[in-house]
Every structure is written in structure tokens, then in C-alpha cells.
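Asks: Once you've had a glance at the structure underneath, I'll fire off some questions.
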Amino acid sequence: MLLLYDAGAESVPAHAIAWRAYMTPAINVGMNMGYMRYRERDGVRHFYLTDAGYNKMGIPPFPAWAFHSYMDENLSAPRPDAE
């Protein structure tokens with residue numbers, strides 16, 4: 001789970017995570033215990049940590065409002081070349 005966290009923790013493509021074959025049992029346990037989930041988009045699995053996964057690691061979950069605030073600030077700001 002720490003590798004997923006280090007890779008970004010939210011919507012991380014499977015190929016971007018440094019998982020090794022010997023980690024398969026631990027990954028399966030993490031999935032079965034609900035510590036991480038995946039969604040498939042365009043044939044690519046995107047993994048993310050659940051609240052239970054964050055709690056198991058003792059790390060506060062990434063607040064969704066922080067992402068939305070960042071997007072609002074950066075998408076609504078006027079572009080310098082738009083004037």
C-alpha cells in the first residue's frame with residue numbers, strides 16, 4: 001500500500017506503481033480487506049487507496065476538497081495569453 005501511496009494514492013495507473021511479482025499476496029490481501037480498489041478505464045486499471053487503507057497505514061486521507069480547490073483555482077484563473 002505504501003507503494004501505491006508513494007505513486008499518488010488516487011487513480012494511479014497500474015503501470016505507474018512499482019509493484020513486484022512477489023508482492024502479489026499482499027496486494028490481494030489489501031484488495032480483499034478493502035484497503036485499496038481499482039477502476040478500469042480505457043483498458044487500464046487505475047488503483048486508489050480507500051479510507052480504510054489510509055487508516056491502516058496511519059496516514060490521514062487526502063481530502064477531496066483540496067483537489068477540487070486546486071482545480072477551481074487553476075481552471076478558473078485567466079490565462080496570461082487570453083488578453
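Bear in mind that the values in this text are calculations on the coordinates, not laboratory data. Small disclaimer: the values here were computed from a predicted structure and weren't measured. Heads up, the Cβs are rebuilt from the backbone with ideal geometry, glycines too, and the neighbour counts pull from every protein chain shown.
Asks: Taking amide hydrogens as modeled 1.01 Å from N in the peptide plane, which residues meet the under 5 Å criterion relative to residue 50, leaving out close sequence neighbours?
Replies: 36, 37
Asks: Going by a ≥ b ≥ c, the root eigenvalues of the Cα gyration tensor, does the range 11-52 fall in the rounded group (a/c under 1.5), the prolate group (a/b larger than b/c) or the oblate group? Display every interim value, and only then the final one.
Replies: Values: a/c = 2.00, a/b = 1.16, b/c = 1.72.
Oblate is the answer for the range 11-52, as a/c is 1.5 or above yet b/c matches or exceeds a/b.
Asks: Please list, ordered by chain and number, the residues whose modelled amide H lies under 5 Å from the amide H of residue 45; skip anything fewer than 5 residues away on the same chain.
Replies: Those lying under 5 Å, H to H, from residue 45 are 14.
Asks: Between residue 33 and residue 45, how many nm apart are label points set 7 Å from Cα along the C-beta direction?
Replies: 1.8
Asks: Along the range 32-45, what does the Karplus equation 6.51 cos²θ - 1.76 cosθ + 1.60 (θ = phi - 60°) give for ³J(HN,Hα), rounded to whole Hz, x for Gly and Pro?
Replies: Those phi angles translate into 5, 7, x, 7, 8, 9, 9, 10, 9, 9, 6, x, 10, 7 Hz.
Asks: According to a simple spin-label model (label point 7 Å from Cα along Cα-to-Cβ), what is the distance in nm between residue 26 and residue 7?
Replies: 1.4
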